[in-house]
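Read-outs throughout are calculated quantities, based only on the coordinates presented, and are distinct from any laboratory measurement. Here the structure is a predicted model, which means the values were calculated and not measured. Cβ sites come from the backbone with ideal geometry, for glycine too, and all protein chains shown count toward neighbours.
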């Protein structure tokens with residue numbers, strides 16, 4: 001005879017003792033299949049069929065545990081979002097590093113110009129640019145270090161939140177068993193209460209470890225952020241050569257965009273907008289030039305002042321000033337001379353501009 005079924009552990013014990021007292025007929029085997037009860041005793045989850053037999057009062061205990069589980073899952077969603085924000089911070093830090101690299105390229109270019117001219121003001125400006133570029137690189141490196149530590153911290157927080165969810169799930173199962181016991185439900189006897197409590201304690205211990213790790217990484221990230229912010233304040237402090245490096249790029253946005261659009265975009269310059277403004281100014285200049293000079297001589301008025309300034313100037317600022325001065329002087333003097341001679345204005349303006357160019361060539365050779 002074989003008796004099988006998912007009986008409680010206590011009932012199985014009583015049945016086995018009762019059967020052991022009975023005389024066994026020859027050839028008859030009495031076996032009690034306790035596999036179902038043993039499997040449930042080893043499990044740390046309560047079947048939904050047993051939970052469905054609970055009354056409203058006992059379900060309140062389970063509902064409270066489920067609310068804690070929902071809160072843990074919400075916390076996991078928030079920490080996952082925080083990890084994504086940390087990755088965004090990492091992208092910003094890498095962009096800051098690229099901007100620092102662009103500053104260094106600008107400083108190196110200015111250094112080469114200064115070394116060629118040996119002008120004291122150019123050398124001083126190049127020195128300031130080099131200092132600013134090095135300081136910017138230091139700040140950018142600290143920013144990247146902070147971003148990396150922030151990612152490590154947020155990853156640990158996600159792990160802690162995941163472990164918190166596991167604790168909440170274990171508490172839900174334990175609350176189900178407690179509810180069955182409070183309802184004096186006989187099905188509670190087929191579960192091992194010690195396993196449920198052990199599952200909660202082990203999950204809580206793992207949560208404590210991951211939470212401690214997250215706290216340690218948070219302290220490191222906070223220290224890294226403080227170092228980065230201190231370096232930032234030093235970079236922006238009054239008297240720290242502000243408006244140099246990236247500041248020089250801001251003052252000479254158009255020039256930098258014309259030299260290298262990639263570097264200009266890296267330091268945050270709107271190259272498309274500057275191109276539009278440059279083309280607009282060029283169109284206005286050509287339009288006005290056509291009014292006074294005509295189509296053939298217009299190109300000369302654009303080229304000659306710039307060529308003259310290149311002969312005489314040793315810096316970009318001086319070159320721009322000389323080019324404007326040559327263009328203005330040539331135009332005004334040409335207007336006056338053409339009026340006195342009663343001749344066409346355009347050829348006279350270009351002649352005077354060419355004369356200034358030859359004078360500049362002679363002065364350059366001397």
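Output the peptides 168-181, 217-230 sorted from most to least packed, where packing is the average of other Cβ atoms within 10 Å over each peptide's residues.
168-181, 217-230
Just grab the label-to-label distance for residue 193 and residue 91, each label 7 Å out from Cα along the Cβ direction, in nm (one decimal).
5.4
Where a ≥ b ≥ c are the square roots of the eigenvalues of the C-alpha gyration tensor, would you call segment 44-94 rounded, which needs a/c under 1.5, or, failing that, prolate if a/b is larger than b/c, or oblate?
Note, shape of segment 44-94 comes out prolate.
Given the peptides 186-199, 128-141, arrange them by the average over their residues of other C-beta atoms within 10 Å, most packed first.
Descending mean neighbour count gives 128-141, 186-199.
For segment 72-127, what is the convex hull volume of the alpha-carbon atoms per residue, in Å³?
So the per-residue Cα hull volume is 52 Å³.
What does the C-alpha gyration tensor say about the overall shape of segment 270-366? Classify as rounded when a/c is under 1.5, otherwise prolate if a/b is larger than b/c, or oblate.
Note, shape of segment 270-366 comes out oblate.
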